[in-house]
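Peer 1: One structure, as structure tokens, below. Some questions next.
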Amino acid sequence: MEATELVRWFLRPVLRLRLAWFRHLVRGGTFPPAPTGAARRAAVEARADVSADRVGWLGSPAAARFGVLHDDLTTLARVAALVEAHRARPLVWIEAGSAFLTVRDAADHASTALADVDAVVVAFGYSDVLLMTSATAWTRDLDRLLDRARRPGRVLSPVIVGGIPPMDRFTESAWMGRGMIRAQIERLDAATIELVRRRGDCVFVPFPDLDAGAAQVRGRLWSWSRVHQLWAAALAPELARLLDEDA
């Protein structure tokens, strides 16, 4: 066993405690309320629209919704609006999975299965960053997950793999571990880029530069609406392009 793996093995109980605390903090954060009444009916009608683009979201539901009070401010809603404007047709998200799965869990569990969709966005990393998953294990399990994402139903679907957000900069991450978290994000993103390059059948979209996008308000406080806006602006053009090419 390599030295780094041995250190991770000894630290595993502490890392799991830190992940549990992180999940607790996020669960207690701000999220848009679940749709009711007319909004729920509109969502059902949109899913039944045969002209709509159907896009799978294979990742943490919390990642794309955290920190805002209204659904229109979330990453998913913003991506849908941008792609709908480009494609002149509705976009419906088909979500699979649950909050904070590791990429290994996602590759193993039937709960992350998708039906036939026109494209898939894969967005994992929170748990694997906090658990310090090795780049080797991450690559192995992400490769299996991308096999599933490429063929969610009976046909092949184009796939976007999203880069990991800068968790080290957010209040919910422990300040003492910020350096380790930042290094782990860089390690896993580099492994993802190499895997996507080797596979040749997916697209990697890095998480946007939040400094360039002026998402930070002061200190470690953020405009989460702006964070979602920037992430959506990074994902939407690639998604629109893949849907256009696959049409």
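Read-outs: derived from the displayed coordinates by stated rules, not from any lab. None of these values were measured; they are calculated from a predicted model. Reconstructed Cβ throughout: ideal geometry from the backbone, glycine too, with neighbour counts over all protein chains shown.
Peer 1: Taking amide H positions as placed in the peptide plane 1.01 Å from N, state which residues far from TRP222 in sequence (5 or more) or on other chains have amide H under 5 Å from it.
Peer 2: VAL217
Peer 1: Quick one: grab the alpha carbon gyration tensor of the range 97-165, order the square roots of its eigenvalues as a ≥ b ≥ c, and give me rounded if a/c is under 1.5, else prolate or oblate depending on whether a/b is larger than b/c.
Peer 2: Prolate, since a/c reaches 1.5 and a/b exceeds b/c.
Peer 1: Would you pull out the residues with amide H under 5 Å of ASP118's amide H, same chain only if 5 or more places away, H placed 1.01 Å from N?
Peer 2: Counting only residues 5 or more places away or on other chains, the set is ARG54, VAL55, GLY56.
Peer 1: Continuing with this model, one more query. Could you tell me which of rounded, prolate or oblate describes the range 53-173, using a ≥ b ≥ c as the square roots of the eigenvalues of the alpha-carbon gyration tensor, with rounded for a/c under 1.5 and, failing that, prolate when a/b is larger than b/c and oblate otherwise?
Peer 2: oblate
Peer 1: Amide H of PHE124 versus every other amide H placed in the peptide plane: which residues, excluding those fewer than 5 positions away on the same chain, fall under 5 Å?
Peer 2: GLY162
Peer 1: For the peptides 140-152, 114-126, what is the packing order when you average, over each peptide's residues, the other Cβ atoms within 10 Å and list the highest mean first?
Peer 2: Highest to lowest by the protection proxy: 114-126, 140-152.
Peer 1: Then there is this: Using the Cα gyration tensor of the range 105-247, with a ≥ b ≥ c the square roots of its eigenvalues, what is the shape: rounded (a/c below 1.5), prolate (a/b larger than b/c) or oblate (neither)?
Peer 2: oblate
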